[in-house]
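Peer 1: Structure in structure tokens, see below.
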Amino acid sequence: MHSKHGEEKLAFMLIAPYLVFFALATIYPVSYNLFLSFRRGGTLTLTNYAELVSDPTFPLILYNTLIWTVGSVVFQFIVGMGVALLLNEKFPGRRLFTALIITVPWAMPDVVAGISWRWMYSDVYGVINDILMKLRLISYPLPWLGDVNLARIAVIIANIWKGFPISALIYLSALKTVPDELYEAAKIDGASAWVRFKNVTLPLLGPIIKTTVMLTVIWTVNYFPLIYVMTGGGPANATDTLVTYAYRISFKFTNFNVGAAWATFTFLLMLAFAIVYTKTLIGG
Amino acid sequence: MRKIFLKVVACSLLVVLLLLAVPSINAQRPKILVYIGGHGGPGYEEWWRQLVTEFEQKYGIDVEYQIIGFEVYWDKLVAAFEAGTPPDVALADLGGWVPAFADKGWLEPLEKYLATWEGAKQIWPNLWEAVTYKGVRYGVPWYCDCRVLLYHKELFKKAGLDPNKPPRTWDELLECAKKLTDPKKGIYGYGVSGALSEITTLGYMIFLYGAGGRLLTPDYKKAAFNSPEGLEALKFYTELYTKYHVSPPGTPSYTEDDYRVMMAHGKIAMAIGGPWSFPLIEMENPAIKGKYATAAHPYKVHPATVYGGWAWVIAKASKHKDAAWKWIAFMDSYDVWKRWALKWKGPMPARIDVVFDVPFFLEDPLWKPIITMFPHAVARPPIPQWPQVSHVIQLMVQNVLTGKMTPEQALSWAAKEINKILAGGS
């Protein structure tokens with residue numbers, strides 16, 4: 001008993017610096033933001049939240065955030081899982097391939113990635129239009145970032161590219177823990193590759209997938225630089241999400257109180273999502 | 001033994017005291033922190049160091065300075081002011097920054113310094129509007145520029161147009177742009193700025209004022225562009241893309257910055273630009289040197305343009321305001337400006353005397369239209385709500401470009417939004 005108590009004490013002491021840092025770096029800004037969001041002209045009020053709810057673009061921003069998040073997360077899961085399965089197979093040059101495919105998008109700074117995608121999407125000499133035209137899939141260059149619907153798709157594609165490596169990396173390390181015997185047994189039973197994936201891989205990876213999806217949802221909602229660099233939220237608000245909108249109100253319009261209300265709203269939304277998701281899918 | 005020990009202790013104490021005293025003697029020399037936004041680049045680091053050293057020796061004031069990239073400058077400045085730790089002196093963009101900061105109570109009024117400053121009467125008179133808030137001046141214009149038409153002479157020749165006769169009116173602009181456009185080769189006649197950016201607001205303003213309209217009422221209390229002139233300008237500006245297709249398909253995602261790059265590679269024949277474009281377009285493609293030119297932007301009723309530039313401001317929270325003012329007077333002095341202009345051939349000084357004493361500005365064919373247009377240049381309304389107002393104008397243009405609204409609908413929607421913003425106080 002005594003030694004266990006001592007161990008706990010040591011453990012606490014070891015994480016204490018982190019706790020202090022966490023408090024300073026997270027709790028302080030969150031509570032200050034909360035305080036700002038209720039402040040207006042020297043008093044505490046709900047005006048900032050009233051302005052948020054009555055903003056005519058509010059529904060559109062929510063809709064955009066939903067599309068952006070669902071589109072990014074679903075495809076980051078599919079691409080991430082696909083790449084992980086591929087890299088789990090043995091083939092020559094696998095290590096180099098892994099290093100390249102995983103680190104290039106992920107390690108590239110957000111702003112650099114955003115600018116690169118902007119140029120690749122260009123209808124005057126962008127490489128994407130060029131390839132599509134050479135493949136005869138389109139007969140004239142598409143204004144990827146200049147059209148309301150295309151712009152929504154374009155930023156999601158860029159984000160899938162930017163974000164899939166982290167999913168792939170997590171799934172790949174999870175795949176390594178699946179014992180080969182299980183696959184061999186399934187093979188002997190005559191299970192096809194798809195059945196093996198469905199009945200062996202997926203159930204075993206279940207908990208990891210659920211956690212990863214939750215994390216990617218939160219990251220995607222809060223991910224801001226890519227959209228900011230590529231479209232700034234345009235055209236005509238088509239790619240404006242909760243965070244690009246909040247950023248503009250705070251830092252472009254210097255309306256810090258209303259901006260704080262938007263940030264707090266986003267925070268509460270994510271908190272609610274995390275609680276519901278954890279309770280229903282991960283099972284507390 | 002003990003005596004020696006005491007002596008050693010006494011001596012070391014003395015040394016420590018002396019060391020402590022040195023900084024306190026030094027502290028009597030004021031030290032100012034200067035934020036320089038967006039004026040780095042090759043060679044400039046050394047140039048700023050020379051100027052700072054010269055200033056320090058001349059006035060006995062220490063200067064700590066930071067050169068900050070334009071992309072992050074606004075955020076950094078706002079964060080510093082908001083946190084209560086602003087620089088003593090900073091550069092602020094003439095595009096509405098000064099009134100926005102003054103409204104927050106962040107800036108020191110400069111009238112008492114300006115009253116006795118020799119340079120005050122040398123500043124281009126139209127520049128003062130951009131640094132005035134509620135009748136009080138909070139900034140000193142430092143350099144300025146205005147937007148003009150940038151065009152590709154070789155593309156003009158290839159299209160059978162005279163490269164020395166750029167379009168002067170809207171009709172000529174459209175006619176030239178149609179002749180220059182060749183979508184099969186990916187060449188477009190005129191680049192309409194349509195992205196979510198201040199540049200789009202400026203593009204619309206140049207057409208609006210060129211049609212004889214104005215953005216806001218003279219007291220800045222209401223929208224004034226919801227007029228026949230304003231509609232005509234919005235229609236013509238957007239139809240260049242939606243109807244005549246002389247601007248590329250990606251127009252709602254482009255600004256003049258993108259068009260400058262395209263022009264460097266012979267893909268855009270005409271776009272709005274300014275003196276900052278010259279080094280950038282030549283950096284993009286050195287072969288374009290001498291193959292592009294500038295002219296007054298085409299107009300409907302009379303030539304018009306919008307100016308930009310930078311002003312020096314002093315933080316209200318500064319403890320060394322007099323020292324900060326000396327820095328401004330030094331940087332905006334005839335002597336420093338003349339050396340600057342002769343060495344760097346730009347930007348355009350906010351001082352008229354320097355512009356006319358340095359022969360370069362009126363002799364250089366690229367600079368001449370800028371200097372001659374400058375007296376016609378208007379300010380962006382100096383109101384703290386400018387970023388919101390500008391954002392609505394951008395959305396108005398985007399809504400028409402993307403077909404979500406007709407010009408009539410977009411114009412009345414934008415006027416209503418802007419009137420709401422202007423009535424909202426703060």
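Peer 1: Out of B:GLU71, B:GLU175, which single residue is at pLDDT below 95 and either open to solvent by 30 Å² or more (accessible area, probe 1.4 Å) or within 30 Å of B:ILE288 (Cβ to Cβ) (or both)?
Peer 2: Residue meeting the stated conditions: B:GLU71.
Peer 1: Go through region A:128-238 and tell me which helices (runs of 4 or more DSSP H), entirely inside it, have 3 or more residues that are more than 14 Å from chain B (Cβ to nearest Cβ).
Peer 2: Those helices (runs of 4 or more DSSP H) span A:148-175, A:180-188, A:193-196, A:202-222.
Peer 1: Let me ask another. So which of B:PRO279, B:PRO275 ends up being farther than 20 Å from B:LEU395 by Cβ and touching a residue at least 40 places away in the same chain (Cβ under 8 Å)?
Peer 2: Testing whether each residue is farther than 20 Å from B:LEU395 by Cβ and touching a residue at least 40 places away in the same chain (Cβ under 8 Å) leaves just B:PRO275.
Peer 1: Might you let me know whether region B:364-371 holds any residue that is over 23 Å from B:TYR209 (Cα atoms), open to solvent by 10 Å² or more (accessible area, probe 1.4 Å) and without any contact (Cβ under 8 Å) to a residue 12 or more places away in the chain?
Peer 2: no
Peer 1: In region B:241-268, what residues are more than 26 Å from the chain's Cα centre (by Cα), surrounded by 23 or more Cβ atoms within 10 Å (Cβ to Cβ) and assigned to a helix (DSSP H, G or I)?
Peer 2: Result: B:TYR241, single match.
Peer 1: Quick check: is even one residue across region B:195-204 within 18 Å of B:PRO303 (Cβ to Cβ) and touching a strand residue (DSSP E or B) at 6+ places or on another chain (Cβ under 7 Å)?
Peer 2: yes
Peer 1: Also: At least 2 residues that are out of contact with any Leu (no Cβ under 7 Å at 6 or more places or on another chain) in each: list the strands (runs of 3 or more DSSP E) lying fully within region B:132-192 that qualify.
Peer 2: So the answer is B:140-146, B:148-152.
Peer 1: Let me ask something else about it. Among B:ARG137, B:ARG147, which is the only one that is open to solvent by less than 40 Å² (accessible area, probe 1.4 Å), among the charged types (D, E, K, R), touching a helix residue (DSSP H, G or I) at 6+ places or on another chain (Cβ under 8 Å) and modelled with pLDDT of 95 or more?
Peer 2: B:ARG147
Here is a yes/no grid of residues against (1) open to solvent by less than 10 Å² (accessible area, probe 1.4 Å); (2) in contact with a Cys (Cβ under 9 Å, 6 or more places away or on another chain); (3) within 14 Å of chain A (Cβ to nearest Cβ); (4) modelled with pLDDT of 95 or more:
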position: B:MET205; (1), (2), (3), (4): yes, no, no, yes
position: B:LEU208; (1), (2), (3), (4): yes, no, no, yes
position: B:ARG214; (1), (2), (3), (4): no, no, no, yes
position: B:LEU231; (1), (2), (3), (4): no, no, no, yes
position: B:PHE236; (1), (2), (3), (4): no, no, no, yes
position: B:MET270; (1), (2), (3), (4): yes, yes, no, yes
position: B:PRO279; (1), (2), (3), (4): no, no, no, no
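Peer 1: Just checking, which of A:VAL73, A:VAL79 is open to solvent by less than 60 Å² (accessible area, probe 1.4 Å) and within 30 Å of A:THR264 (Cα to Cα)?
Peer 2: A:VAL73
Peer 1: Test A:ILE115 against the stated conditions and say whether it is closer than 30 Å to B:THR242 by Cα, under 26 Å from the mean Cα position of the chain (by Cα), assigned to a helix (DSSP H, G or I) and modelled with pLDDT of 90 or more.
Peer 2: Yes.
Peer 1: I need the full set of residues from region A:224-245 which are modelled with pLDDT of 95 or more, open to solvent by 10 Å² or more (accessible area, probe 1.4 Å) and more than 14 Å from B:LEU196 (Cα to Cα), in order please.
Peer 2: A:VAL243
Peer 1: Looking only at region B:140-173, how many residues end up being under 30 Å from B:VAL89 (Cα atoms) and out of contact with any Asp or Glu (no Cβ under 7 Å at 6 or more places or on another chain)?
Peer 2: 6
Peer 1: Hey, another quick one. Among the residues that make up region A:89-109, is at least one of them within 13 Å of another protein chain (Cβ to nearest Cβ) and buried (at least 17 other Cβ atoms within 10 Å of the Cβ)?
Peer 2: Looking for residues that are within 13 Å of another protein chain (Cβ to nearest Cβ) and buried (at least 17 other Cβ atoms within 10 Å of the Cβ), one finds none in region A:89-109, hence no.
For every residue, the table says whether it meets (1) within 14 Å of chain A (Cβ to nearest Cβ); (2) acidic (Asp, Glu).
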| residue | (1), (2) |
| --- | --- |
| B:TYR59 | no, no |
| B:ILE68 | no, no |
| B:GLU71 | yes, yes |
| B:ALA80 | yes, no |
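The values are calculated or read from the model by the stated rules, or taken from the named source; none is laboratory data. Computed from a predicted model, the values in this text were never measured in an experiment. Glycine gets a Cβ as well: all are built from the backbone with ideal geometry, and neighbour counts include every protein chain shown. We work out accessible area using only protein heavy atoms, side chains counted, and drop any ligands, DNA or RNA first. Shrake-Rupley method; radii C 1.70, N 1.55, O 1.52, S 1.80 Å.
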